[in-house]
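The values are calculated or read from the model by the stated rules, or taken from the named source; none is laboratory data. Not measured: the values here are computed from a predicted model. Methodologically, a virtual Cβ is constructed for each residue, glycine included, from the backbone with ideal geometry; neighbour enumeration extends over all protein chains shown.
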C-alpha cells in the first residue's frame with residue numbers, strides 16, 4: 001500500500017473510537033511551535049563584542065558548520081523549516097540583534113536592530129518570539145543581575161528588559177502574530193546563602209519596574225521563567241518556581257515552565273493542568289534534561305507524550321504556548337532542530353488520536369482495568385501511518401528521508417564554513 005492507502009486504513013482504526021482523523025490533521029495544522037534560533041549557533045549571538053557564554057549555560061561539542069552570522073543562521077533555519085510540517089514561529093534572543101558592525105549595549109537595543117529578522121519572517125509567514133539576554137555579559141559576571149546588590153547593575157538590566165519588551169511589541173505589530181517575550185535570569189549562589197529574602201525583594205522590585213512600562217498585549221505577552229538550580233547557583237536560585245508562579249499570578253503575566261528547570265523527580269506534564277486552572281495561558285520551553293538541565297534534543301519519550309496529552313485532553317492547544325529550548329553542538333545542528341520539532345508535533349498528533357473522553361469515563365467509573373488495557377493497546381495503533389501522510393500533504397520528507405537533505409546541505413554548505 002502507498003502512503004495514502006495506509007492513511008485511509010489507519011483512519012478506520014481510530015474511527016472505532018469516534019476520532020475523525022481528517023479533522024485531527026486540520027487542527028494540528030494550526031499549531032505553531034516556537035523554534036529557538038540559538039540551536040544553530042550554540043547560543044553565541046552576533047554582538048560586536050563577543051562575550052563568553054555564562055549563566056550556567058553550556059553548549060557542548062564542536063560539530064562543524066555552526067552559523068557564524070545572521071545570513072547563515074537564517075539559511076540554516078530555512079533548511080530546517082523545509083523539513084518540518086506546518087507553519088511555525090522563531091524564537092530570538094536579544095544577542096541576535098544586527099547592528100551593522102556598531103557596538104550597541106544591550107540596554108540600547110531597538111526594533112531597528114531586528115528589522116532583517118522581521119522582513120525574513122514576514123516573507124515566510126512566520127511569527128517571532130523574543131527573550132532579553134540577561135547572561136553572557138560583564139554585568140552578569142558574578143551570576144547576579146536583576147537581584148544584584150548594586151543598583152547600577154540592576155538598572156542596566158531593567159532597561160534591557162524594557163527595551164526587549166518593546167521589541168516584542170514591534171514583532172507582534174509587524175507580523176500580525178502575538179510575540180511572547182520571556183524573561184529568565186541566572187541569579188543565584190553556589191553555596192548556602194545567608195539571606196534568601198533580600199535578593200528576592202530586589203528581583204521583585206526590578207520586575208515591578210520592568211512591567212510598569214506598558215506594552216499592548218495584543219502584540220506582546222510577557223512571561224517569567226523559573227529554575228531550580230544551575231551551574232554556579234547550585235544552592236540557591238533567586239527566581240524559583242514559587243517566586244515566579246506567585247509573581248505571574250499577582251501581576252497578570254504568564255508563567256513559563258521549562259522542562260529542565262525542576263528537580264529531576266518532578267515532571268512538567270503534571271503541572272500543566274494545575275496552571276490551566278488559574279491562568280488563561282501557559283508557556284512552555286520543551287527540552288530534555290538528562291539528570292539536570294542539560295538541554296538535550298527533544299526525543300519522542302514518555303514525558304514529551306504526557307506533556308502533549310495534558311495539552312490536548314484539556315482542550316488547551318490555543319492556551320499553551322509551545323516553545324523549544326535545547327542546544328546540542330555534538331551533532332548536526334539542523335538535524336537537531338528537525339528531530340526536536342518533528343517530535344513535538346508527533347507527540348501532539350499522538351495525543352490527538354487518543355479517545356480521552358472514553359478513558360476519562362473509565363477512570364470516573366473506577367474501571368482501572370479496562371482503562372489500563374486500552375491505554376496500552378493504543379500504543380501500537382498506526383500513528384506512524386497518520387504522521388507519514390501529514391508530512392506528505394505538507395510537502396516535507398516522510399519518515400527518515402529528511403536525513404538525506406541534511407547530509408547534502410552539510411556537504412555543500414556546512415563543511416565550507418571554517
Practice prompt. Could you pull out the residue among 273, 350, 330, 294 that is touching a residue at least 24 places away in the same chain (Cβ under 8 Å), surrounded by fewer than 21 Cβ atoms within 10 Å (Cβ to Cβ) and closer than 22 Å to residue 28 by Cα?
Written response: 273
Worksheet item: Across the stretch 385-400, which residue is surrounded by the most Cβ atoms within 10 Å (Cβ to Cβ) among those that are touching a helix residue (DSSP H, G or I) at 6+ places or on another chain (Cβ under 8 Å) and free of Cβ contacts under 8 Å to residues at least 60 places away in the same chain?
Response: 387
Worksheet item: Which residue, of 78, 155, is surrounded by fewer than 18 Cβ atoms within 10 Å (Cβ to Cβ) and more than 23 Å from the chain's Cα centre (by Cα)?
Response: 155
Worksheet item: in the same structural domain as residue 69 (by TED's automatic domain parsing), in contact (Cβ under 8 Å) with a residue 40 or more places away in the chain, within 23 Å of residue 220 (Cβ to Cβ) and part of a helix (DSSP H, G or I): does that describe residue 114?
Response: yes
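For every residue, the table says whether it meets (1) in the same structural domain as residue 133 (by TED's automatic domain parsing); (2) under 21 Å from the mean Cα position of the chain (by Cα); (3) at pLDDT 95 or above; (4) not in a loop (DSSP other than H, G, I, E, B).
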{"site": "181", "(1), (2), (3), (4)": "yes, yes, yes, yes"}
{"site": "193", "(1), (2), (3), (4)": "yes, no, yes, no"}
{"site": "204", "(1), (2), (3), (4)": "yes, no, yes, yes"}
{"site": "207", "(1), (2), (3), (4)": "yes, no, yes, yes"}
{"site": "210", "(1), (2), (3), (4)": "yes, no, yes, yes"}
{"site": "248", "(1), (2), (3), (4)": "yes, yes, yes, yes"}
{"site": "264", "(1), (2), (3), (4)": "yes, yes, no, no"}
Worksheet item: Quick check: anything in the stretch 47-65 closer than 28 Å to residue 159 by Cβ and in contact with a strand residue (DSSP E or B) (Cβ under 6 Å, 6 or more places away or on another chain)?
Response: yes
Discussion item. Any residue that is touching a residue at least 60 places away in the same chain (Cβ under 8 Å) and closer than 14 Å to residue 293 by Cα - is there at least one of those in the stretch 233-241?
Written reply: yes
Discussion item. Looking for something under 30 Å from residue 388 (Cα atoms) and surrounded by fewer than 18 Cβ atoms within 10 Å (Cβ to Cβ) - is there at least one such residue anywhere in the stretch 96-108?
Written reply: no
Fill in: The listed residue being over 22 Å from residue 246 (Cβ atoms) and in a helix (DSSP H, G or I), out of 165, 159
159
